[in-house]
Amino acid sequence: MRCCPARTRPSAPSWPGSCPPTALTCAAGSRPPPSSPPRREPRARLSDGGEVTAERVVVAVGRAPATEGIGLDILGIQAGKQGLEIDEHGRVRGQEHIWAAGDVTGIAPFTHTANYQARIIAANLLGGDARADYRAIPRAVYTDPNVFAVGLTPAQARDAGLDVVTAETDLAETARHTTEGAPGGRLLLVAVRNLADQLR
């Protein structure tokens, strides 16, 4: 099971010696019971009946739109589970004079996304016609080595009807890895074949 379903698994991943690809078990959707007294080999029984023996346990709870206690009830606005729904201009749907940016929108909850949305809204408040485009938002997972991406994965691109070509390289073969001992990893590039023809 993959912990980052939106990421593409390299064909031959390269990991530092301290982090082999089999060192991580992802139990998405399963919950451990209350903690048991510590043992020499910590184990957690999952709600699906499985059991995991681990050296360390990392709890990743995710993020939720920050819509509580900001006065939406006074404005008569009901936020959904994914936050406030906004249009491409940054205006809250169904509201003429209310705009939203950042975590309240539930769209890619990163600082750079909020800054981008703020610029879109500011331009529109000043009489412009700026429209947000979220197809190429950089995203990262702060592991070691890092996982980072921007744009579509090959599968997502093909699902969108695009004819893509990919290329990948082992970062352990770069000069920086050799001279500085930087962590290894893989770089995957995805490009649209004959892009001009596909956009016609």
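Each reported figure results from applying straightforward, stated rules to the coordinates on display, with no laboratory input. Since we're looking at a predicted model, the values are computed, not measured. Every residue, glycine as well, gets a Cβ built from its backbone with ideal geometry; the counts of neighbours run over all protein chains shown.
Answer yes if at least one residue in segment 77-88 is under 26 Å from LEU189 (Cα atoms), touching a residue at least 24 places away in the same chain (Cβ under 8 Å) and either assigned to a loop (DSSP other than H, G, I, E, B) or within 22 Å of the chain's Cα centre (by Cα) (or both), and no otherwise.
No, segment 77-88 has no match at all.
Which condition number does THR53 fail, the rest of (1) surrounded by 11 or more Cβ atoms within 10 Å (Cβ to Cβ); (2) in contact with a strand residue (DSSP E or B) (Cβ under 9 Å, 6 or more places away or on another chain) being met?
(1)
Pick from VAL147, VAL192: which is over 30 Å from ALA60 (Cα atoms) and of a type outside the set (S, T, N, Q)?
VAL192
For segment 46-76, give me the residue count where each residue is of a type in the set (Ser, Thr, Tyr) and in a loop (DSSP other than H, G, I, E, B).
2
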